[in-house]
Each structure stands twice: as structure tokens, then as C-alpha cells.
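In what follows, a structure is listed as C-alpha cells, so that the remarks can point back to it.
The values are calculated or read from the model by the stated rules, or taken from the named source; none is laboratory data. Model, not experiment: these values are computed from the prediction. All Cβ positions, glycine included, derive from the backbone under ideal geometry; neighbour counts span all protein chains shown. Just the protein is used for accessible areas: all its heavy atoms, side chains included, with ligands, DNA and RNA removed. Shrake-Rupley method; radii C 1.70, N 1.55, O 1.52, S 1.80 Å.
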Amino acid sequence: MGLVDRLKAKHSTRLDELIEAGKTIPMEQQSRQTSYNSISGRGTSQQYQTANWPSFVEWRTSCIAVLDQIVPEQSLLRKTVSELTSLANSPSKVQFLIGFLRSVRTELNSGSFDELALQIEAEILSDYLTQASELLAGSKTEPNHIAAAVVCGAALERTLRSICAAQIPEEPTTTDKGAPIGMNGMIEALKKRKVFNELGAKELRSWAALRNLAAHGDFEAFNRQQVEAMASGISRFVTQHAH
């Protein structure tokens, strides 16, 4: 199962959970006065229902968090997602959001979001790798391979984080305290998930180490040829795991 299929399966399952949760939100009977006769001292009131506010807010917040991950920024559905923070807790609004979740699930499973989401991610990674290629194509007398190593490392790290996000259950990319997990930590975790074997992990570690050397100023510890091989390998790895 490729990256996109794993993400779709994970998000589809979460949408199913939210749809079912919306159906079970407790409803409470409310009353409001609609008229009052000052002479008789009597009035009339209207009965209506609202979703339990704490339960509704918790559900709505979860819905927004999940939809924010699923619906691409350039989709027309983003406007609806952005407006959900002000959604009221009336039964009709609960039903609206349940219906919206179902629609998003349908579009997700049909592949409607695939092309746009992949296009955005592919463009970002392509920018990284193009920059590295252009740097390496520059003057051989300039130390431009150093910057290329840093840029290639950024592309690799982004790809590793995407692969972690696609795992079911999701592989964490931050510690319990919120600090980002480094590339070696993600490589080890993904190897345990059998995304790649030890041979693949060893190659990834070597690229991560080269990136760290460049980022920390150890420029004498590597050369242009190593960076060129790194750029070619990372490009191959990104292509392999983007589908």
C-alpha cells in the first residue's frame, strides 16, 4: 500500500469515527418565552433542542482538526472548514456537519483530493531537489555542494515525516514534550514498521549524517561526489515513496 492509500485509509477510518460520534451527541430540551401577557401574567413558550455544549465543542474541535489535515488548502471546501469554528450546536447544524463529513469521506475515497494534495507536496519536494541540482551544476571551484547537501537533507526529512504520518496507526514525529524527532529516529521507527529494510535504513542514515555534517560546518568531512550521490539517491527515494 502506497503513501496516498495509507493516508486515505487512516483518514477515512477517522471520519467514520467522527460521523458515529456526531450521531450520539446528547440532546437537551430547552425552552424560550415567545410571548407574555402583562395583564394575566401568563405567557407562551417554545420548546426546542440543543446538543450538549461540552460534548458538541469537543466533537466540533476534533472534526476541524481532522478536516484541516484532509482538505487541501486550494480546495473550495476549505471555506466551509474555516467557518466550522462558529458552528452552532442546534440539531440541524449537527446534522449539517455529519453530512459534510460524509461528503468529505466520499471525495477522499474516490480520489478527488489525491491529485491536488500530491501536486502540492510534489511541487515542494521538486523545489528542494531542483535547488540542489542547480547548486551542484554550478561552478566546481565553489563550495556549492555544501548548500546542496542541506537542501537535499530537507527534502529527505520532509519525505520521512510524510511517510510517518501515513502509517496506521500514525508514527509520531515529535516527542511527548513536543520536540521534533530527528531523521535517525524516524528512520529507525520506519524500519521497525518494515517500510524499508536495514540496507535501505543504512543508506538513509548516511544521507542524514551527511546533511548534519553540512549543517554543523564539518565541511572537510565530505566532498562533492558524495553530495551528488546523495542527491540522486534521495530523488529516487522520494519518487519511490510518493505513490
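Residue by residue, here is whether (1) more than 20 Å from Thr24 (Cα to Cα); (2) more than 14 Å from the chain's Cα centre (by Cα) holds:
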{"site": "Ile64", "(1), (2)": "no, no"}
{"site": "Leu76", "(1), (2)": "yes, yes"}
{"site": "Ser86", "(1), (2)": "yes, yes"}
{"site": "Pro91", "(1), (2)": "no, yes"}
{"site": "Phe96", "(1), (2)": "no, yes"}
{"site": "Gly99", "(1), (2)": "no, yes"}
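Which residues, counting only those in region 90-110, are crowded, with 17+ Cβ neighbours inside 10 Å and modelled with pLDDT under 95?
Result: Val104, Arg105, Leu108.
Somewhere in region 161-184, is a residue more than 14 Å from the chain's Cα centre (by Cα), under 13 Å from Leu204 (Cα atoms) and in a loop (DSSP other than H, G, I, E, B)?
Within region 161-184, one or more residues are more than 14 Å from the chain's Cα centre (by Cα), under 13 Å from Leu204 (Cα atoms) and in a loop (DSSP other than H, G, I, E, B).
Of all residues in region 4-32, which are at pLDDT 80 or above and closer than 13 Å to Val66 by Cβ?
Lys10, His11, Ser12, Thr13, Arg14, Leu15, Asp16, Glu17, Leu18, Ile19, Ala21, Gly22
Among the numbered conditions (1) in contact with a Pro (Cβ under 9 Å, 6 or more places away or on another chain); (2) modelled with pLDDT of 90 or more, tell me where Asn184 comes up short.
Only one criterion is unmet by Asn184, namely (1).
Among the residues of region 155-205, which ones are open to solvent by 50 Å² or more (accessible area, probe 1.4 Å), closer than 20 Å to His11 by Cβ and out of contact with any Lys or Arg (no Cβ under 6 Å at 6 or more places or on another chain)?
Arg158, Arg161, Pro169, Glu170, Pro172, Thr174, Arg193, listed by residue number.
Of all residues in region 212-243, count the ones that are closer than 16 Å to Leu125 by Cα and crowded, with 17+ Cβ neighbours inside 10 Å.
7
Among the residues of region 133-154 satisfying the criterion of being of a type in the set (Val, Ile, Thr) and part of a helix (DSSP H, G or I), which is most open to solvent (accessible area, probe 1.4 Å)?
Val150
Does any residue of region 134-153 turn out to be farther than 22 Å from Ile70 by Cα, at pLDDT below 85 and acidic (Asp, Glu)?
yes
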